[in-house]
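The values are calculated or read from the model by the stated rules, or taken from the named source; none is laboratory data. Fair warning: this is a prediction, and the values are worked out from it, not measured in the lab. For neighbour counting, all protein chains shown are included, and Cβ atoms are generated from backbone atoms with ideal geometry for every residue, glycine included. Keep in mind that these areas ignore ligands, DNA and RNA; they rest on the heavy atoms of the full protein, side chains included. Shrake-Rupley method; radii C 1.70, N 1.55, O 1.52, S 1.80 Å.
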Amino acid sequence: MTAERTVSSPGVTPRDHGFPSPVSVVPPRGADTGPRLPAAPPRTASPLPLLVADGAALLPAALVLSGAQRHPLLVALLIAVSLLLRPRETRPPVPGLLEELPAVCGRVAVAWAAGAVLWAAYRPQDALFGGTELTGLGVQAAAACALRAVVHGRRRA
C-alpha cells in the first residue's frame, strides 16, 4: 500500500449508488493539506514575579547589617541597585536556575559593592566592611536563588 489509505465515504451507504463500496482517498498524516492559520505567538512570562523575588531576597540579607547600618535608606539603596541591574533582553520563558546562577550572583555582588561605596560616601562612620558585605552578599544570593526557583517552579506547573 502507498502513503495514502482508502476508507469508505462517510455518510453514504453502498446501496444508495447501486455499486459496491465507494472509496475516498485520505491524505497521509502530516501531509500539507493547504493553507493554515498562523500559530499564536508564544505567551511571554511577566517579569513582575522575578522582580518581587529579587527585591524580597534582600530582606533576609538586611538582617546581617548592624543596628547603625540597618538604615532604611541603605536597604532601599540596595534594593534599587539590585533591581536596576536586571537584564533587559528577552530570555526563554522558563530558564533553568543553574543557567541564571552566575548572573544572579554577579548582580548581587555588584549591588552590594555599589551600595557599600555609596553608603560610605553618605555616612563614613557607618561604612560597610568586608565581612558584613560578603555575608550579606551570600545571604541575598541564596535567598534570590531560592525565590527564583519557586517562581520558575510555579511557571512550569
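Apolar share of the accessible surface for the range 49-157: 72 percent from carbon plus sulfur atoms, 1.4 Å probe.
When peptides 113-126, 137-150 are ranked by their average number of other Cβ atoms within 10 Å per residue, the highest-first order is 137-150, 113-126.
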